[in-house]
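Asks: One structure, pasted below without further comment.
The values are calculated or read from the model by the stated rules, or taken from the named source; none is laboratory data. Computed from a predicted structure; not experimentally measured. All Cβ positions, even for glycine, are placed from backbone atoms using ideal geometry, and neighbour counts span all protein chains on display.
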Amino acid sequence: MSHAQAVEEHPDATRRNEASRRAILTAAFDLVGEVGFTKLSIEAIAARAGVGKQTIYRWWPSKGVVLFDAFLVLSEDRASGDPALPDTGDLEADLKTVLRATVDELNDPRYEEPLRALNTEMVHNPELAATYAERLHEPMQELKRDRLRRAQQAGQLDADTDLDLAVEMLWGPLLNRWLQRTGPLTAEYADRVVETALRGLRPRA
């Protein structure tokens, strides 16, 4: 094969690789919702995706990392537009909008089981937890801090507010209730979290 022929064929190979990768991620995401993480296997993912299991091992070291990439890619597909949190000037209303959307995502049947499985696996897999923190958690934390920072600069939050702690005060109760199933996760609950947190975070008179 000539160099020119190889160059011409390379885009097709790239497209085939991307199609296989997408099929694997979709298969992993769908299967974990059907059978749970414990019963999820590389062999089952390969069979559902129509690829050999060595293809999966070439790209991912474990089923936990496959699931993380599946969640990340499919979440990105679902997102659109500016990733920044809304800023209408009304901090309370904006936070209620975002936390209500968080409730909807956590309650979405398609995403709930994969996300629970991912959280469970991270408890036992420090490397996966570190990857999650770097690629998903920290970028999202920065978006949240940025919105609160702008509110702080506008005098809507106390000047001494620890923004990392404020983020945890706002989003932590939702994640804790969802993970431990300690109560219904509703829009009304999200609103109460925002109202309660802001009573402690607003500037002191």
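Asks: From ASP69, ASP158, grab the single residue that is surrounded by 13 or more Cβ atoms within 10 Å (Cβ to Cβ), touching a Lys or Arg at 6+ places or on another chain (Cβ under 9 Å) and assigned by TED's automatic domain parsing to the domain that holds GLY36. Show your work before the answer.
Replies: Values: ASP158 fails: assigned by TED's automatic domain parsing to the domain that holds GLY36.
After ruling out the rest, the residue left standing is ASP69.
Asks: Another question about this same structure. Go through the range 138-177 and give me each residue that's assigned to a loop (DSSP other than H, G, I, E, B), closer than 16 Å to LEU91 by Cα and not small (Gly, Ala, Ser). If you could, list the steps in order and put the result at the bottom.
Replies: To start, the set of residues in the range 138-177 that are assigned to a loop (DSSP other than H, G, I, E, B) comprises 154-162.
When the remaining residues are screened for being closer than 16 Å to LEU91 by Cα, the result is 154-159, 161.
Those that are assigned to a loop (DSSP other than H, G, I, E, B), closer than 16 Å to LEU91 by Cα and not small (Gly, Ala, Ser): GLN156, LEU157, ASP158, THR161.
Asks: Right, another one. Of all residues in the range 18-66, which are in a loop (DSSP other than H, G, I, E, B), loosely packed, with under 15 Cβ neighbours inside 10 Å and β-branched (Val, Ile, Thr)? Explain how you work it out, then say what you get.
Replies: Residues of the range 18-66 in a loop (DSSP other than H, G, I, E, B): 36-41, 50-52, 60-62.
Within this subset, residues satisfying the condition of being loosely packed, with under 15 Cβ neighbours inside 10 Å are 36, 38-39, 41, 50, 52, 61.
Listed by number, the list holds a single entry, THR38.
Asks: Sticking with this structure for a sec: State which residue pairs qualify: first residue under 16 Å from TRP59 (Cα atoms) and not assigned by TED's automatic domain parsing to the domain that holds LEU118 and inside the range 19-36, second residue part of a helix (DSSP H, G or I) and hydroxyl-bearing (Ser, Thr, Tyr) in any location, beta carbons under 7 Å apart, and separation of 6 or more residues or different chains.
Replies: What qualifies is SER20/THR55.
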